[in-house]
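One structure is given below, encoded as structure tokens.
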Amino acid sequence: MESRDIMTIVQQGARTRFVVTGIVQGVGFRPFVHGLAIELRLAGFVGNDSSGVFIETEGPPAVLEEFRRRLYEEAPPAARIQTVEETSMATLGASGFSIAPSVARSSGSALVSPDLATCDACISELENPTDRRYRYAFVNCTNCGPRFTITLTMPYDRPQTTMDRFTMCERCHSEYENPQDRRFHAQPNACPDCGPEVWFERNGSRVTGHAVTAARKVVADGGVVAVKGLGGFHLACDAFSELAVSLLRERKGRVDKPFAVMVADLDTARTIAHLTDDEEELLMSRERPITLLPKKHGTGLSEIVAPWTGHIGVMVAYTPLHRLLITPGDVWVMTSGNRSQEPIVNRNEEARSRLASLADAFVMHDRDIHVPVDDSVMRKLDGADLPVRRSRGYAPFPVALPIDVPPLLATGGELKATFCLASGRHGFMSQHIGDMENLETLDAFSAAVGHMQGLFRVTPQMFATDLHPGYLSGRWAERIADGRPVVRVQHHHAHIASVMAENGVTAPVIGFSFDGTGYGTDATIWGGEVLIADFTRFERLAHLATAPLPGGDAAVRRPYRMAMAHLWAAGIPWSLDLPPVAAASPEERRVLLTQLERNLNVVQTSSMGRLFDAVAALAGVRQEVTYEAQAALELEALADATDDDHYVFEVRDPVIDPAPVLRSVIRDTQAGVPVGVVAMRFHRAVVDMIVSVAITLRDREGIGTVGLSGGVFQNVTLTGLARRLLEENGFRVLTHRLVPPNDGGLALGQAMVASAKVR
Ligand code: ZN
Ligand code: ZN
Ligand code: FE
């Protein structure tokens, strides 16, 4: 019976060549294919080449079909298949399955893997006293460990990484050479005998003894330790200690912008935050982002870790070193090792000088971080990811583009800067660089561009940048372009193009582009824009009524001034019982009034972010802020979803007038309506306005797809509700899942618009 079946197989056999692209090298893909083929008794071979993995298999068509299915379904955890190309071939009557020698890799078309959190198998070794890697801070394998941050250039081989200086010992080398081993071609493979080491430093000198024990003691005593991690240094302290956290805030000059915390495991995370199943999955994913979660109360955690917002950013230890430092039950503040406004520190020397005044001690190691990469920040929206910052664990995995683009570089905006290096159907979004307001950040930006261009061998033929003439990223593009075209893309158009691109949409959409600030085409500051847009063009069909922004930055830092400007624009008197009016001194009120009446040092803005600020001030939530979007975040945190009433904008085509909303906020607040209810009614007002404007535009323009983008849509209460109601009204709704709705996703949209312009 058995032998007859085999005869039939040979007679009816088929041979297929598969070319698999994506992240398929250095992730255990060849051993996986080898094992699968042996199990299915298929003949052929598998190997690496410049574009990815090639496979030839021969056997009965039904078995080949199973092979094809399991290739996708059972691929190793660290692999990310992008495409599988298949070609039928003549059968060779071959037998046996082998791993073929690698074909010389000269082009850089293979993808670079993002860094991966330590896998369970490596954790067990780390915790097993009989394992040779027991408590070794650099345990890793093909399924986990550093990737992007240690890669100097492509192809991804050990000599091209910062592991180059360590020579593998015999045992490590035999693991590396053995296709059956979990460390087959694991480039950062190491052990205590041959790999990097950790040490503890204080006052500039190395302290002998156990680094982990020494560091834990500093934290237990209420101090701050700088810890070298995967993408750079963190500043760490005990999140239960009010004194330690306030010390860190004082040294960093960070007043109340929330700190993220790190815990050892899911159980500890559950003790400080409420988690849904989706959030647990995200928290424990191999990307291990900081996940924004509703904070539990009465946990003993210092209130000043994440004051006022109701949320806490939690991440689970993602390197063996973190795992050794932080034990179950511990909650450590882990914030980027930098001074406010500067990029994250990644080199030992730099840490010694720049972090000396911030940290009491250092946990150092000698595996160099070639690419500084901050932690990613994610939220969940109706079960889907909503990126707030896309960085470690995600970069430099490309966004698949819906159209072919020429090699180009989009330089993003000013805040939360990232860039997009694009070519063909790949949009390589950079890691988070920071706010491009100083030369240090610009240098970091420039270095990151150089590295990614080398990695992916993309030489830009053109540049895309924001319309704003003052942005450093734009000036940098003009300087570097050297005769190549620089396309200026309007900020809110770029936001909408960004959400279209990641959703694979090219046809025109109704775009709601709501954020804090973006340079308009009419010399006003935009931010509450309704556009009809595709990649080639946009039309501004509606916008929030403009209000004067008195003194620019001062109005951004002091929402009460923004509220007073909105009141003035709406013709509502500055009554002293209104919280924002009371917050201003009589002198300030007098100066402000003169400024507004004479239109001195005032720019007009249609910003939705500023309207959130004004409402937060009017509802008595916050009069001054110390970080971007603080007032809006706090308003969202307060919103009481059980209330289903809403305020109403007055829509007078093309202007959306918030005056009636402001009057309602004042009326309710004065009547003693709880602030959470006022906050919710305002959120619902914005949603109601979005839906009614969308319906009007659909009737007029015949477009049924809506895109929601811009920093305001980081607000999940707003975005979730808007999507639900739009869908109920028959719209297709595009929201962000891959890149942030804030300016961290801007470069993707710029790339699309610029490439469409030259087509
Ligand atoms: Zn591992
Ligand atoms: Zn070794
Ligand atoms: Fe923006």
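Go through region 739-746 residue by residue and turn each phi into a ³J(HN,Hα) via Karplus (6.51, -1.76, 1.60, θ = phi - 60°); whole Hz please, and just put x for glycine and proline.
10, x, x, 6, 5, x, x, 4
Put +1 on the Cβ of every Lys and Arg and -1 on every Asp and Glu Cβ in region 198-377; which of 357, 313, 371 then has its Cα farthest towards the positive end of the dipole?
In region 198-377, that residue is 357.
Could you give the angle, 0 to 90 degrees to the nearest 10, between helix 472-481's Cα long axis and the longest principal axis of the Cα atoms of the chain?
Value to nearest ten degrees: 50.
If you average the alpha carbon positions of region 685-759 and of region 280-341, how far apart do those two centres end up, in angstrom?
Computed from Cα coordinates, the inter-centre distance equals 30 Å.
Would you calculate the separation in nanometres between label points at residue 303 and residue 180, each defined as 7 Å from the Cα along the Cα-to-beta-carbon direction?
Reported label-point gap for residue 303 and residue 180 is 6.2 nm.
Provide the per-residue ³J(HN,Hα) series for region 681-687, in order, calculated from phi with Karplus coefficients 6.51, -1.76, 1.60 and θ = phi - 60°, each as a whole number of Hz, with x at glycine and proline positions.
With the stated coefficients, region 681-687 comes to 4, 5, 4, 5, 4, 5, 5 Hz.
Per the chain: cysteines with no other Cys C-beta under 4.7 angstrom?
Here 122, 141, 172, 191, 237, 420 come out as lacking a disulfide-compatible partner, given the Cβ-Cβ threshold of under 4.7 Å.
For residue 120 and residue 729, calculate 0.36 nm times their separation in residues minus their Cα-Cα distance, and state this gained length in nm to one decimal. Working shown, then result.
Numbers: separation 609, 0.36 × 609 = 219.24 nm, distance 4.55 nm.
Full-extension gain reported as 214.7 nm.
Report, to the nearest 10°, how far helix 659-670 tilts away from the longest principal axis of the Cα atoms in the chain, using its own Cα long axis and a range of 0 to 90°.
Computed tilt is about 80 degrees.
For an R0 of 25 angstrom, estimate the FRET efficiency from the Cβ-Cβ distance between residue 203 and residue 340 and round to the nearest 0.05.
Details: r = 24 Å, r/R0 = 0.97.
Step by step, r from the Cβ atoms, then E = 0.55.
Any idea how far apart residue 443 and residue 626 come out in nm if each label point goes 7 Å out from Cα toward Cβ?
Calculated label separation equals 2.8 nm.
Taking a probe of 1.4 Å, how large is the accessible area per residue of region 198-377, in Å²? Let's see the in-between values first.
Numbers: 6580 Å² over 180 residues.
That works out to 37 Å² for each residue.
May I ask you to derive the FRET efficiency for residue 461 and residue 582 from their Cβ-Cβ distance with R0 = 60 Å, giving the value to the nearest 0.05? Working shown, then result.
Working: r = 57 Å, r/R0 = 0.95.
With a Förster radius of 60 Å, E is 0.60.
Out of the total accessible area of region 198-377 (probe 1.4 Å, heavy atoms of protein only), what percent is carbon and sulfur?
Details: 3400 of 6580 Å².
Using a 1.4 Å probe with all protein chains present, region 198-377 comes out at 52 percent carbon and sulfur.
I want to make sure I understand the PRE zone here: with the label point 7 angstrom from the Cα of residue 484 toward its beta carbon, which residues in region 375-412 have backbone N atoms less than 18 Å away?
It comes to 404-412, nothing else.
Which of the peptides 744-754, 691-701 is most tightly packed, and how do the rest follow, judged by the mean count of other Cβ atoms within 10 Å per residue? Don't skip to the end; give the middle numbers.
Details: 744-754: 31.8, 691-701: 16.3.
Descending mean neighbour count gives 744-754, 691-701.
Size of the dipole of region 514-639 about the Cα centre, Lys and Arg at +1 and Asp and Glu at -1 on the beta carbon, nothing else charged, in debye to 20? Each step should come with its number before you reach the end.
Values: 10 positive and 15 negative charges, 63 e Å.
It comes to approximately 300 debye.
Of the beta bridges DSSP finds with both residues in the chain, what % are antiparallel, to the nearest 5? Each step should come with its number before you reach the end.
Working: 85 of 114 bridges.
That works out to approximately 75 percent antiparallel.
Among the lysines, which fall within straight-line cross-link reach of residue 380, defined as a Cα-Cα distance under 24 Å, with same-chain neighbours fewer than 8 residues apart omitted?
Result set, ordered by chain and number: 257, 295, 296, 416.
For residue 384 and residue 92, calculate 0.36 nm times their separation in residues minus their Cα-Cα distance, and state this gained length in nm to one decimal. Provide the component values of the computation, followed by the final result.
Values: separation 292, 0.36 × 292 = 105.12 nm, distance 4.67 nm.
Working it through step by step, the gained length comes to 100.4 nm.
For the pair residue 277/residue 66, report the inter-label distance in nm, with labels modelled 7 Å from Cα in the Cβ direction.
3.0
State the extension gain, in nm to one decimal, for the chain segment bounded by residue 19 and residue 38, taking 0.36 nm per residue of separation less the distance between their alpha-carbons. Walk me through the numbers before you get to the answer.
On the way: separation 19, 0.36 × 19 = 6.84 nm, distance 1.89 nm.
Between residue 19 and residue 38, full extension yields an extra 4.9 nm.
Rounded to the nearest percent, how much of the accessible area of region 3-99 (1.4 Å probe, protein heavy atoms only) is carbon and sulfur?
On the way: 2360 of 4490 Å².
Carbon and sulfur together cover 53 percent of it.
Once phi is turned into θ = phi - 60°, what whole-Hz ³J(HN,Hα) does the Karplus curve with 6.51, -1.76 and 1.60 give for every residue of region 615-624, x standing for Gly and Pro?
So the Karplus estimates, Gly and Pro as x, are 5, 4, 5, 5, 7, x, 6, 7, 9, 9 Hz.
Collect residues whose amide H, placed 1.01 Å from N in the peptide plane, falls under 5 Å from the amide H of residue 97; neighbours closer than 5 in sequence don't count.
Residues meeting the amide H criterion: 44.
Magnitude of the Cβ-charge dipole of the chain, K/R +1 and D/E -1, about the Cα centre, nearest 20 debye?
Details: 75 positive and 90 negative charges, 226 e Å.
Value, rounded to 20: 1080 debye.
For the peptides 591-603, 459-471, what is the packing order when you average, over each peptide's residues, the other Cβ atoms within 10 Å and list the highest mean first?
Working: 591-603: 14.3, 459-471: 19.7.
The packing order, highest mean first, is 459-471, 591-603.
Determine the distance separating the Cα centre of region 36-52 from the Cα centre of region 174-238; give it in Å without decimals.
37
In whole Å, what is the distance between the alpha-carbon centres of region 608-636 and region 68-92?
A separation of 51 Å, based on Cα centres.
Once amide H atoms are built 1.01 Å from N in the peptide plane, which residues 5 or more positions from residue 552, or in another chain, come under 5 Å H to H?
Answer set, sorted by chain and number: 603.
Sort 173-186, 319-332 by the packing proxy (mean of other Cβ within 10 Å over each peptide's residues), most packed first.
Numbers: 173-186: 17.2, 319-332: 21.6.
Descending packing order for the listed peptides: 319-332, 173-186.
What's the magnitude of the charge dipole for region 3-99 around its Cα centre, counting Lys and Arg as +1 and Asp and Glu as -1 at the beta-carbon? Answer in Debye, nearest 20. Present the calculation step by step, with values, prior to reporting the outcome.
Values: 9 positive and 11 negative charges, 14 e Å.
Its charge dipole is roughly 60 debye.
Give me the percent of the accessible area of region 619-668 that comes from carbon and sulfur atoms, probe 1.4 Å, all protein chains in place.
The nonpolar share, carbon plus sulfur, comes to 49 percent.
In Å², and per residue, what accessible area does region 3-99 have when probed at 1.4 Å with the other protein chains present?
On the way: 4490 Å² over 97 residues.
With the other protein chains kept in place, region 3-99 gives 46 Å² per residue.
The values are calculated or read from the model by the stated rules, or taken from the named source; none is laboratory data. Since this is a predicted model, take the numbers as computed values, not measurements. So basically every Cβ, Gly included, is an ideal-geometry build from the backbone, and we count neighbours across all protein chains shown. Just the protein is used for accessible areas: all its heavy atoms, side chains included, with ligands, DNA and RNA removed. Shrake-Rupley method; radii C 1.70, N 1.55, O 1.52, S 1.80 Å.
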